[in-house]
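Reading through the structure tokens given below for one structure.
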Amino acid sequence: MLAPQGILCRRDSQARTLEGLPLLEPLERGKIPELVEVPYEGVVLQSDLRRGQKTGEFLDQRENRKRVAREAPARQVLDLYCYTGIFSIQCCMAGASSVLGIDSSAPAIERARMNAARNAPGRAVEFRVEEVERALESFEREGTRFDMIVLDPPALVRTRKALEEGARKYVAINAAAIRLLQPGGTLATATCSHHVDAVAFMEILRAAAKHARTELRLVDVMGQSRDHPVLLAARETSYLTMVIAERIR
């Protein structure tokens with residue numbers, strides 16, 4: 001039997017809006033601290049259970065982060081939509097020569113810096129509050145290039161009606177990221193919308209490479225972690241695709 005110090009039931013998911021349900025304040029019982037420390041794959045993370053998106057850990061990416069970090073040793077890494085910096089920190093601890101994480105959320109970046117200070121003190125990892133699209137434009141204008149880019153945006157296609165517009169956005173941000181890669185550089189890019197399956201995402205990446213006037217070689221394709229099971233009768237349970245690809249010219 002479990003004897004938890006506290007239980008928190010959040011009722012503010014945007015999925016409630018799609019189902020016609022109101023967003024409500026959380027139900028709380030017992031003691032719920034503002035931040036809790038969560039042991040995670042050899043690091044300790046600060047988790048905001050009340051306000052964090054999926055508590056901030058996004059455990060559906062757990063296995064993908066380990067796989068992506070294997071590409072990081074001795075590389076200059078750019079982590080876009082980094083949120084609380086878990087991809088960044090795992091790449092840093094895997095031996096990246098430098099890591100820059102960018103996100104538009106100041107509270108998320110503050111927690112990313114806390115996580116880095118706790119787990120990777122003295123390492124070459126930096127975080128910046130900035131809109132990703134603006135950062136991509138600045139890097140291209142300045143001629144800045146990276147050996148590896150992690151691109152893990154929020155869901156850009158939340159409904160079937162938004163599929164066409166969302167696909168255009170995915171093409172645009174992936175093309176912009178590809179242009180910043182050195183030849184031989186690695187792109188680790190994800191979509192977390194069940195309306196964009198793995199086949200559709202491959203077509204998006206083909207279009208992005210064409211826009212960037214280059215070519216990609218497929219290295220790996222992953223899905224969500226095994227503790228997020230897929231039910232064949234419920235298509236929406238298969239929602240996460242992550243692709244690792246190499247810019248070959």
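We did not get these values from a lab; they are worked out from the coordinates using the rules stated. All values derive from a computational prediction rather than experimental measurement. Using ideal geometry, Cβ is built from the backbone for each residue, glycine included, and neighbour counts are taken over all protein chains shown.
Here is how the numbers come out for the structure above:
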item: Calculated from backbone phi, Karplus (6.51, -1.76, 1.60) coupling profile of the stretch 128-137 in Hz, x at Gly/Pro; result: 9, 8, 6, 5, 4, 4, 5, 4, 4, 5
item: Contact order normalised by residue count of the chain, Cα under 8 Å, 6+ apart, percent; result: 15 percent
item: Count, lysine Cα pairs under 30 Å in the chain, 8 or more residues apart or across chains; result: 9
item: Peptide ranges 154-160, 44-50, 86-92, 9-15 listed from the most packed, as the mean C-beta count within 10 angstrom indicates; result: 86-92, 44-50, 154-160, 9-15
item: For the stretch 72-80, Karplus couplings with θ = phi - 60° (6.51, -1.76, 1.60), whole Hz, Gly/Pro x; result: 8, x, 6, 10, 8, 10, 10, 10, 9
item: Listed residues Ala200, Leu163, Leu18: farthest to the positive end of the dipole of the chain (Cβ charges); result: Ala200
item: Assigned charges on the beta-carbon of Lys, Arg, Asp, Glu; the stretch 103-243 dipole about Cα centre (debye); result: 80 debye
item: Chain lengthening between Cys9 and Arg134 when straightened (0.36 nm per residue, less Cα-Cα); result: 41.4 nm
item: Dimensionless Rg/Rh of the stretch 51-247 - Kirkwood Rh, Rg from C-alpha atoms; result: 0.94
item: For the stretch 103-119, 3J(HN,Hα) per residue [Karplus equation, 6.51 cos²θ - 1.76 cosθ + 1.60, θ = phi - 60°, Hz, x = Gly/Pro]; result: 8, 7, 8, 4, x, 5, 5, 4, 6, 4, 5, 4, 5, 5, 5, 6, 9
item: Mean ellipticity per residue at 222 nm, deg cm²/dmol - from DSSP H runs of n ≥ 4 across the chain, formula -39500 (n - 2.57); result: -9500 deg cm²/dmol
